[in-house]
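*Asks:* Can you read through this structure? Questions will come right after.
The values are calculated or read from the model by the stated rules, or taken from the named source; none is laboratory data. Worth saying up front: this structure is predicted, and the values here are computed from it rather than measured. So basically every Cβ, Gly included, is an ideal-geometry build from the backbone, and we count neighbours across all protein chains shown.
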Amino acid sequence: MIYNFRFSRDERPTVLERILKENVMCQGWGGGQENLDLKRDTFVQECLQVYKDDGMKSTRIPTNLQRIRQFKDGDWLVVPHLPEDQRVSIVVVDGDFPQCYEWNCDDAHLNHRVRVKKTSYGLEGNISIYNVILTGWYAKLQWLRLPVLPIPEHQAAFEKLIGEIEKEPTKIFAESKLDEYLGRMLKETEDDLLQKLRRINPSNGPISFEAVCERLVGAEGYEVIGKHGYDNQGGDFDLRCARSRKSMSPFESGDVNLYIQAKKYEGTTDEHAVQQLLKMMEKDPTAEGCVMSLGDDYSSNAIELAKQNDIALMNGRDICQLLLKSMIIKQ
């Protein structure tokens with residue numbers, strides 16, 4: 001589980017020092033010299049009694065602190081404003097409760113101590129709370145006011161962050177600009193659209209990948225004049241399209257013929273689709289060719305063969321970008 005873990009910023013130097021030197025994360029409302037051990041069944045009411053003169057009017061905070069009892073080995077504690085303001089750190093719980101917890105007398109009232117592993121992230125001040133990866137979490141941070149709150153809805157973001165740190169330990173996650181945020185949002189939209197396209201039929205019915213390809217070429221001025229052609233010698237196309245050159249320039253005449261292979265693939269697309277088009281294009285030397293694949297990329301052989309024969313290769317992200325543009329214009 002992943003938790004948002006608030007602490008008293010007035011005691012930040014002490015909290016940070018104890019993490020670095022003792023491998024413990026401290027929490028307040030521990031009673032100072034009064035024993036407010038979280039393992040005691042009477043903790044909530046006793047905590048209210050101890051701190052009522054300091055303004056505590058309800059059992060809301062001590063009840064919330066009991067979430068520490070749910071801690072398991074390997075849980076993540078996301079600690080905003082540590083090691084300094086506008087930064088965030090992540091520490092890892094070491095052991096299940098109660099083994100990970102102890103209460104110690106503490107004049108700073110940081111009596112609740114949670115043992116954490118030596119592995120931590122952000123204690124060097126290298127993670128800004130304004131980094132684009134953490135946009136969703138930061139947007140909710142002002143509402144995460146209680147000391148300990150589970151935030152499973154933000155786990156994916158912190159997993160991504162930690163994954164990047166483990167690949168590049170010295171990486172700095174600085175405050176992001178609007179363009180970076182919008183760029184990441186566009187990428188996430190494209191990723192979601194790509195996954196949805198991969199779930200539709202390849203060619204059957206009105207909602208299919210082939211129909212998507214038809215829409216995209218139609219948006220560029222092409223008309224589909226043939227489908228599913230083959231020559232029994234390895235040549236094959238899914239769409240044959242034509243566009244009048246006169247629509248582009250008064251100095252040109254004739255039609256541009258375009259053969260398309262639509263491949264609802266994932267991963268890497270090999271050269272077979274290019275070879276199929278070349279067989280068909282041999283009969284029309286003026287024709288152009290395009291492979292439209294939902295795959296992530298093309299093999300080096302496919303790229304080289306396409307380059308030698310001036311065949312366009314479009315991957316899944318290229319198709320999604322064109323489709324988003326087409327959808328906006330259509331509206």
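*Asks:* For the range 20-49, what are the residues that are assigned to a helix (DSSP H, G or I), surrounded by fewer than 21 Cβ atoms within 10 Å (Cβ to Cβ) and not acidic (D, E)?
*Replies:* Within the range 20-49, L20, K21, V44, Q45, L48, Q49 qualify.
*Asks:* Next up: Consider G136 carefully, then state whether it is of a type in the set (G, A, S), over 26 Å from Q66 (Cβ atoms) and more than 19 Å from the chain's Cα centre (by Cα). Talk me through it step by step, then tell me what you get.
*Replies:* Details: of a type in the set (G, A, S): yes; over 26 Å from Q66 (Cβ atoms): yes; more than 19 Å from the chain's Cα centre (by Cα): no.
No; evaluated as a whole, the condition is false for this residue.
*Asks:* Hey, among the residues in the range 292-331 that are assigned to a helix (DSSP H, G or I) and among the small types (G, A, S), which one's farthest from Y222 (Cα to Cα)?
*Replies:* S300
*Asks:* Quick one: in the range 50-73, which of the residues that are surrounded by fewer than 16 Cβ atoms within 10 Å (Cβ to Cβ) and free of Cβ contacts under 8 Å to residues at least 24 places away in the same chain is nearest to the chain's Cα centre (by Cα)?
*Replies:* Looking only at the range 50-73, we keep the residues that are surrounded by fewer than 16 Cβ atoms within 10 Å (Cβ to Cβ), and these are 52-55, 57-60, 63, 66, 69-70, 72-73.
Next cut, free of Cβ contacts under 8 Å to residues at least 24 places away in the same chain only: 52-55, 57-59, 63.
Working: K52: 44, D53: 46, D54: 43, G55: 41, K57: 41, S58: 39, T59: 37, T63: 33 Å.
Going through the qualifying residues, I end up with T63.
*Asks:* Could you say which residue among K171, K160 is part of a helix (DSSP H, G or I), in contact (Cβ under 8 Å) with a residue 12 or more places away in the chain, in contact with a helix residue (DSSP H, G or I) (Cβ under 8 Å, 6 or more places away or on another chain) and assigned by TED's automatic domain parsing to the domain that holds F7? Quick ask: steps written out before the conclusion?
*Replies:* Working: K171 fails: part of a helix (DSSP H, G or I).
Exactly one residue qualifies, and that residue is K160.
*Asks:* Being more than 38 Å from the chain's Cα centre (by Cα) and within 10 Å of Q27 (Cβ to Cβ) is the filter here; which residues of the range 99-118 pass it?
*Replies:* Result: H109, single match.
*Asks:* Here is a further query. Would you please name the residue that is surrounded by the fewest Cβ atoms within 10 Å (Cβ to Cβ), looking only at residues in the range 173-222 that are within 30 Å of I133 (Cα to Cα) and basic (K, R)?
*Replies:* R199
*Asks:* Considering only the range 154-172, state which residues are more than 16 Å from S128 (Cβ to Cβ) and basic (K, R).
*Replies:* Selection gives K167 alone.
*Asks:* Then there is this: Scan the range 277-291 and report the pairs whose first residue is in the same structural domain as N257 (by TED's automatic domain parsing) and part of a loop (DSSP other than H, G, I, E, B) and whose second residue is surrounded by fewer than 21 Cβ atoms within 10 Å (Cβ to Cβ) and not aliphatic (A, V, I, L, M), with Cβ atoms within less than 9 Å and a gap of 6+ or a chain change.
*Replies:* Matching pairs, first to second residue: E282/G235; K283/D231; K283/G235; D284/N257; T286/G254; T286/N257; A287/R240; A287/N257.
*Asks:* Check off (1) under 23 Å from A242 (Cα atoms); (2) hydroxyl-bearing (S, T, Y); (3) surrounded by 15 or more Cβ atoms within 10 Å (Cβ to Cβ) for T269 and give me the number that stays unchecked.
*Replies:* (1)
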